[in-house]
Amino acid sequence: MATYIPPAGFHFKVEFVGVDGMGSDTEQRFQEVTGLSFEVETEDFKEGGENRFSYKLPKRIRYPNLVLKRGLLKGTALLNWFKSAISTYFTVVVYDFKPADIMITLLDESGEAAAIWNVVQAYPLKWSVSDFRSTDNSVVVETIELAYQYFERKM
């Protein structure tokens with residue numbers, strides 16, 4: 001009888017599909033991914049004459065922002081994609097920015113895909129860097145926050 005062992009959450013990669021220069025191994029490594037969740041919004045419906053309860057009817061699905069964290073890199077394709085988005089947000093003369101699909105792959109102990117999520121039409125909302133402290137000996141971390149339409153679990 002085979003025993004199922006769930007995959008560990010620390011072995012994963014993040015791939016930006018459709019962003020030039022994002023195919024390198026360096027661009028796919030992040031230390032943290034959060035925001036892969038959804039919530040179904042509901043609307044209460046009260047039926048006349050029924051006072052014990054109200055029906056909860058589904059309305060739409062809400063997705064939180066996707067947050068990616070990694071050590072600060074310089075001259076990356078992701079940063080160039082961010083700059084393209086910022087220049088497009090504030091200038092309407094040339095619209096050359098394209099949202100990206102993101103493939104998040106959870107890997108098993110042999111490096112094979114254990115689960116894959118496809119995040120559709122992501123675009124940047126916020127970029128920040130961790131605080132600098134002379135008394136702290138830690139890596140500088142950049143945090144990237146993205147909005148997206150929805151995600152699908154592929155496997």
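Where does the Debye-calculated log10 I(q)/I(0) of the chain sit at q = 0.20 Å⁻¹, using only Cα point scatterers of equal weight, no solvent? The computed values of log10 I(q)/I(0) come out as -1.31. Checking the cross-link pairs LYS74/LYS154; LYS13/LYS74; LYS69/LYS126 against a 23 Å limit on the alpha carbon distance flags LYS74/LYS154 as lying beyond it.
When the GluC sites (Glu not before Pro) in segment 96-155 are filtered for DSSP coil states and for at most 15 other beta-carbon atoms within 10 Å of their beta-carbon, the remaining sites are GLU109, GLU112. Rounded to the nearest 10 degrees, the inclination of helix 77-90 to the longest alpha-carbon principal axis of the chain is 60 degrees. Of the residues MET103, LEU73, ASN137, the one whose Cα sits farthest towards the positive end of the charge dipole of segment 30-155 is LEU73 (charges of +1 on Lys and Arg Cβ, -1 on Asp and Glu Cβ, taken about the Cα centre). In sequence order, segment 30-39 has phi-based couplings of 10, 8, 7, 10, 10, x, 7, 7, 8, 9 Hz under the Karplus curve 6.51 cos²θ - 1.76 cosθ + 1.60, θ = phi - 60°, and Gly or Pro positions carry x.
When the trypsin sites (Lys or Arg not before Pro) in segment 72-155 are filtered for DSSP coil states and for at most 10 other beta-carbon atoms within 10 Å of their beta-carbon, the remaining sites are LYS74, ARG133. Picking from ASN51, PRO124, TYR63, whose Cα lies most toward the positive end of the charge dipole for the chain (charges on Cβ: Lys, Arg +1; Asp, Glu -1)? My answer, from the dipole projection, is ASN51.
Readers should treat all values here as calculations from the given coordinates under stated rules, not as data from a laboratory. Bear in mind that the values here come from a model prediction, so they are computed numbers and not experimental data. Please note: Cβ atoms are built from the backbone with ideal geometry, for glycine as well, and neighbour counts cover all protein chains shown.
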